[in-house]
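No value in this document is a laboratory result; all are computed from the given coordinates. The model shown is predicted, which means the values in this text are computed figures rather than measured ones. Because the Cβ atoms are built from the backbone with ideal geometry, glycine has one as well, and the counts that use them run over all protein chains shown.
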2 protein chains.
Amino acid sequence: MDARIQALHARLQAIVGSEQIFTGNETDRWAKDWTGQFEGRPFAVVRPGTCEEVAAVLRLANQYRIPVVPIAGNTGLNGGAYGPGSILVSVERMNRIREIRRDARVAVVEAGVIVAALDAAVEQDGLTFPLAFGAAGSAMMGGVLSTNAGGSNVLRYGNVRDLCLGLEVVLPDGRILDLMTALKKDNSGFDLRDLIIGAEGQLGIITAAIMKLHPRPAYHATALVALEDLRVAPALLNAFQDASGNAVTAYEFMSRNYVAGYEKLMPTARRFFDTAYPAVLLVELATVRNEALEELLETVLADALERGILADAVIAQSDMQRQEMWALREAAAELAFHRHPVIDTDIAVPLERIAEYMDRIPEIMRAIDPGFSDIAVAHFGDGNIHYTVWPSKNDPIVEAALRAAIDALAVDMGGTFSAEHGIGLCKLPSMARHKNVSALDMMLAIKTAFDPKGILNPGKTLPGRS
Amino acid sequence: MDARIQALHARLQAIVGSEQIFTGNETDRWAKDWTGQFEGRPFAVVRPGTCEEVAAVLRLANQYRIPVVPIAGNTGLNGGAYGPGSILVSVERMNRIREIRRDARVAVVEAGVIVAALDAAVEQDGLTFPLAFGAAGSAMMGGVLSTNAGGSNVLRYGNVRDLCLGLEVVLPDGRILDLMTALKKDNSGFDLRDLIIGAEGQLGIITAAIMKLHPRPAYHATALVALEDLRVAPALLNAFQDASGNAVTAYEFMSRNYVAGYEKLMPTARRFFDTAYPAVLLVELATVRNEALEELLETVLADALERGILADAVIAQSDMQRQEMWALREAAAELAFHRHPVIDTDIAVPLERIAEYMDRIPEIMRAIDPGFSDIAVAHFGDGNIHYTVWPSKNDPIVEAALRAAIDALAVDMGGTFSAEHGIGLCKLPSMARHKNVSALDMMLAIKTAFDPKGILNPGKTLPGRS
C-alpha cells in the first residue's frame with residue numbers, strides 16, 4: 001500500500017469507525033453477486049451509519065478521485081453494484097424504519113431496510129408495502145429505489161417510483177438533497193425525485209425515503225390457468241378486471257419450458273396439470289372488502305372454459321396451495337441462474353403483442369444458436385417478459401448476438417430492452433444501440449452536471465463514458 | 001425594425017408560413033393572460049404545424065439568442081406563458097389526436113389537443129381521460145404536461161404525470177427527443193419523461209404525448225356534505241373509501257366564505273343549504289360496475305349524521321343536480337379572479353393537517369392586513385388547498401407579505417408552496433426562500449445542461465437566473 005492509499009484508508013476509517021471498514025478477504029460477501037456474473041475485489045467496503053457519514057465518504061472520494069459504488073441488498077441482476085477497486089458504500093446498517101404514519105399511509109425508511117421487513121412491520125396496522133418479487137427478503141430500499149424495481153404487483157400498485165413520495169439523497173460531491181416530503185402533489189420545480197429513482201446510483205446515494213403504504217387486502221383468490229394459445233390472455237385479463245372492479249393483483253405468465261424446468265429442478269414440488277400446456281398463467285385477485293373472490297374467479301374461469309378459451313384451471317383451495325402456486329412463479333431467478341452461461345432479460349412489449357413476441361423469438365434464437373434452450377416468465381399485465389436463454393456453449397460472441405436479438409425484437413415491436421432490471425453493465429450495448437441519441441446525450445449531460453468528476457458508479461448505465 | 005429583426009422575422013415566416021406568424025396588435029389574444037396579471041407584447045407569435053417546425057424555430061432562436069416561450073391553452077395562473085419581447089410558440093395548430101388504441105387504453109395526442117376534447121373523443125369507446133379542472137375546456141396537452149396539472153380527480157387517477165406514458169419533445173437547441181413509448185415499465189436510463197413533465201417549458205417544448213385512458217365510470221353518486229368542524233373530514237374520506245372499495249373520485253372542500261362568495265356572484269344558482277356552514281364537501285363516487293353507489297353514499301352519510309359528524313348532506317337526485325354541485329366547485333378560478341388585487345395560491349399540507357391550516361391562516365393574514373378577505377377550496381384528498389386572499393388595498397408590499405405568509409405556513413406544516421400550478425413568475429420568491437438549496441442548485445445545473453444559452457422561458461421557474 002502506498003502512502004496515498006494508506007491515508008485514504010485511514011480517513012475512511014475515521015469517518016465510519018474501524019469496525020465498519022472491510023478490505024481484502026473481508027469483502028468476500030460483497031465482492032461478487034449471487035448470479036455469479038460479476039466478481040471483483042473492491043478497494044474497501046464501508047458501512048456508514050448515517051447520511052452524514054455517506055456524505056463524508058463522498059467528499060473524500062471526490063478529493064481522491066476514487067470511484068464509489070453504492071450497494072444495498074446486492075440482489076441486482078445487471079452488475080449495478082459491481083465495483084472492483086472502488087469504495088463500496090453499503091447502506092445495510094442504515095436499516096431503521098424511522099416512522100410509520102398509519103393514517104397517512106406512509107413509512108419513513110432508511111436505505112438499508114429490507115423490502116419484506118417493511119411489509120411485515122405494517123401488517124399489524126392493516127397495511128401493506130406491496131412490492132413483490134423473488135428477492136424481496138433480501139433486497140433493500142436503496143437498491144429497489146435506485147433500480148425502480150417492479151415485480152408481480154405492478155399491475156395493481158405500480159413500480160417503486162409509484163410507491164415513493166420523498167427521498168433523502170447524498171449528491172456525488174457530498175451535499176445532501178432533502179426531498180423528504182410526504183405530499184401527493186408537489187410541483188415546486190423539476191422532478192428531481194423521479195430523476196434519482198432508477199438512476200442506478202449515478203446521480204447520488206439514496207439514504208432514506210418516504211414510501212407509500214396501501215390497505216392490506218384481507219381476501220385473496222389465486223388460480224393457475226392453462227392456455228393452448230397465449231393470444232387469449234389479454235382478453236382474459238380484461239374479463240378478470242371487469243368482473244372484479246380491477247382487483248387483479250397479479251397476472252403472471254409462465255412458458256411450457258419454464259414449468260418443465262421448475263418440475264425438473266424441484267422434483268417433489270406439486271404438479272398442477274397433467275399436461276404440459278404452452279402457457280400457464282398465475283392469476284390473483286385481492287381486496288380489502290369481502291367480495292366472494294373465489295366465486296368470481298370461478299365464474300370468469302367457467303365462462304372462459306365454456307367458450308373454449310382455457311385448456312384447464314386450478315383454484316387454490318388453501319393458503320398452502322396458494323403458496324405452492326407462488327413458489328412455482330418465484331423460482332424464476334433461481335431457475336435462470338442455475339445454469340451458465342445464461343442470458344437473463346427483462347424486455348417489455350405492448351401487452352397485446354406478448355404472444356407474438358413469444359412466437360417469433362425462438363426462431364431468431366435458433367438461427368443464431370441451434371442448440372439454445374429457453375424459459376420465459378412474464379408480468380403479463382405490464383407487458384414485461386423475462387426471457388431467459390441458455391446458449392449451447394460458452395461463446396461470448398454467440399451470447400452477445402443472442403442478447404442483442406432478444407432486445408432488438410422487443411424494440412422493433414414498440415418495446416424496451418429494459419423494463420425493470422435497469423442497465424447496469426449487461427445492457428450497455430443495447431442502450432447504445434437502441435436508445436434515442438438525444439435522450440442519451442441529455443442523460444450524459446445530467447450525469448456531468450451532478451457528478452462532474454465521474455465518481456459515482458462509473459462505467460455503468462450510460463454508454464460512451466469511461 | 002432594424003435589419004437583424006427583419007431578417008429574424010423573415011426566417012420565422014419561412015419556417016411556419018406567412019399565415020402563421022403574428023406581430024403587433026395581431027398578438028393580442030396571446031399577449032395577456034385571462035387572470036389579468038400578465039400583459040406584454042411578444043416579439044412575435046408563431047404557430048408551427050409540426051414538431052420539425054418547432055425544432056427549426058428553436059434552432060433559429062438559439063442563433064439569434066432570442067427567448068422562446070411556449071404557449072398552449074394560456075390557462076395557467078402563475079405567468080408561465082408570459083413572454084414580452086419573446087417568440088411565443090403556440091402549439092394550438094398541432095391539435096390532432098393521432099391515434100386511440102382502445103384495447104391498450106392509450107391515446108397518442110399532439111400538444112394542442114384540448115383536455116376536454118380528448119375525453120370526448122374516447123367516450124364512445126367506454127373510456128375517459130380523467131383530468132378534471134375548471135379550464136379543461138380550453139387547456140391543452142402541452143400546457144397540462146408542462147405544469148403537471150392536477151385538479152379534482154387526482155385522488156383517483158393521479159396528476160398528469162401519472163397519466164402520461166410517452167413524450168415527444170423539442171430540446172432547446174432544436175434536437176428532437178423521442179420518448180414516445182406506451183410502456184408501463186421502462187427502465188432504460190434516467191427518467192427524462194418525468195423530468196420534462198412539470199418543467200414549465202424550461203427544458204424543451206413538448207409537441208406530442210402518449211396519454212393513459214381509463215375505463216369510463218358508468219355509475220356516479222354525488223353529494224354535498226356540510227360540516228361544523230373540518231377536523232372530521234379525513235375520517236369521513238376513509239369511511240367513503242372503505243365502504244366503496246376506493247371508488248371516491250372527488251372529495252372537494254369549500255369554505256364558508258367560498259360558498260357565500262359563489263352565491264353572491266351567481267345569485268340565481270341553486271342553494272343547497274339554508275345555513276352557512278363552516279365547511280362544505282363535494283363527494284363523488286364513480287364505478288364502472290353497477291354498485292348501488294347512491295345507497296352506499298346514503299349509508300355512510302346516515303351513519304355519520306347519527307354519530308354527529310355531519311351537520312347536513314344533500315345527495316344529487318339527477319344529472320342536473322350533479323352539474324349544479326360541480327358548478328359550485330368549478331367557479332373557483334372565476335370567483336378568485338373577479339376581484340383585484342388577488343393572491344391565488346395552491347399550497348399543500350399533509351391532509352390530516354388541512355383543518356389546522358384553515359384554522360391558523362386567517363389570524364396570520366389579519367396581522368398583516370386587517371381588512372383582508374378570503375375564500376378557500378381544496379382538493380382535500382390530496383392535501384391541496386387553493387387559498388385565495390384579496391388584500392384590502394393595492395399595496396405590493398402587503399401583497400408580497402401575505403403571499404409569503406401563506407406559503408411559509410404550508411412549508412412549516414410539512415407542505416409545499418406549489419402543489420399543482422407550478423412556479424412560473426408568481427412563486428419565484430417562495431421557491432428561493434423555501435426550496436432545499438441543493439435541489440435548486442441541481443435544477444439550475446440541469447437547466448444549464450439542457451439550455452446553455454438560456455433561450456427557453458427565461459426568468460421563470462428557477463430563481464437566481466436572469
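Hydrophobic, long helices, defined as DSSP H runs whose alpha-carbon span along the helix axis is 18 Å or greater and whose mean Kyte-Doolittle value is at least -0.5, occur in chain B at B:3-16, B:51-64, B:293-306, B:354-368, B:396-412, B:437-450.
Take each residue in A:376-384, count the other chain C-beta atoms within 10 Å of its C-beta, and the mean is 2. The convex hull built on the alpha-carbon positions of region A:342-466 has an orientation-averaged projected area of 8.1 nm². So which trypsin sites (Lys or Arg not before Pro) in region A:229-284 end up in coil per DSSP with only 16 or fewer other C-beta atoms within 10 Å? Listed in order of number, the matching sites are A:Arg270, A:Arg271. Applying both filters, DSSP loop and at most 11 other Cβ atoms within 10 Å, to the trypsin sites (Lys or Arg not before Pro) of region A:39-113 gives A:Arg65. Its relative contact order, with pairs defined as Cα atoms under 8 Å and 6+ residues apart, puts chain B at 15 percent. Only Lys, Arg, Asp and Glu carry charge here, each on its Cβ (+1 for the first two, -1 for the last two); on that basis the protein assembly as shown has a dipole of about 2880 debye about its Cα centre. Only helical runs count toward this figure. For chain B, summing -39,500 (n - 2.57) over DSSP H runs of n ≥ 4 and dividing by all residues gives -10500 deg cm²/dmol at 222 nm. Alpha-carbon geometry of the protein assembly as shown: the Rg and the Dmax are 28.2, 87 Å, given in that order. Summary for B:Asp359: label point 7 Å along Cα→Cβ; distances to the equivalent points in the other copies, ascending, 6.5 nm.
Within region A:201-324, the ratio Rg/Rh, alpha carbon atoms throughout and Rh by Kirkwood, equals 1.06. Enclosing the Cα atoms of region B:1-77 in their convex hull gives a volume equal to 101 cubic angstrom per residue. Counted over region A:1-155, the DSSP beta bridges are approximately 55% antiparallel. Below 8 Å between Cα atoms, with a sequence gap of 6+, how large is the relative contact order for region B:9-137 in percent? Worked out over region B:9-137, it gives 20 percent. Taking 11 Å as the cut-off, the amide N atoms of region A:239-277 that come nearer than this to a point 7 Å along the Cα-to-beta-carbon line of A:His338 belong to A:260-269. Cβ-to-Cβ counts within 10 Å put B:Val16, A:Val109, A:Val144, A:Val411 in ascending order as A:Val411, B:Val16, A:Val109, A:Val144, the fewest first.
Within 10 Å of the Cβ of each residue in B:175-182, the mean number of Cβ atoms contributed by other protein chains is 5.
DSSP finds beta bridges in region A:3-90, and of those with both partners inside it, around 30 percent are antiparallel. Less than 17 Å from a label point 7 Å out along the Cα-to-Cβ axis of A:Thr299: which backbone N atoms in region A:229-265 qualify, by residue? Answer for region A:229-265: A:236-248.
Summarising the strand pairing of the protein assembly as shown, around 85 percent of its internal DSSP beta bridges are antiparallel.
Qualifying trypsin sites (Lys or Arg not before Pro) in region B:379-466, where qualification requires a DSSP coil assignment and no more than 13 other C-beta atoms within 10 Å, comprise B:Lys393. Farthest towards the positive end of the charge dipole of the protein assembly as shown, among the residues B:Gly158, A:Leu192, B:Val300, is the Cα of A:Leu192, using unit charges on the Cβ of Lys, Arg, Asp and Glu.
The convex hull drawn around the Cα atoms of chain B, when projected onto a plane and averaged over every direction, covers 22.7 nm². Across peptide A:237-249, the mean count of Cβ atoms from other chains lying within 10 Å of each residue's own Cβ comes to 2.
Between region B:18-86 and region B:165-198, the C-alpha centres lie 23 angstrom from each other. Summarising the amide proton neighbourhood of A:Ala313: residues at separation of 5 or more, or on other chains, whose placed amide H is nearer than 5 Å comprise A:Ala226.
Within the shell defined by Cβ-Cβ distances under 12 Å, the residues around B:Asp194 carry a net charge of -2, with Lys and Arg each +1 and Asp and Glu each -1.
Modelled label positions at B:Arg65 and A:Glu26, each set 7 Å beyond Cα in the direction of Cβ, lie 5.7 nm from each other.
Percent relative contact order of region B:334-421, based on C-alpha pairs within less than 8 angstrom and at least six residues apart? Value for region B:334-421: 43 percent.
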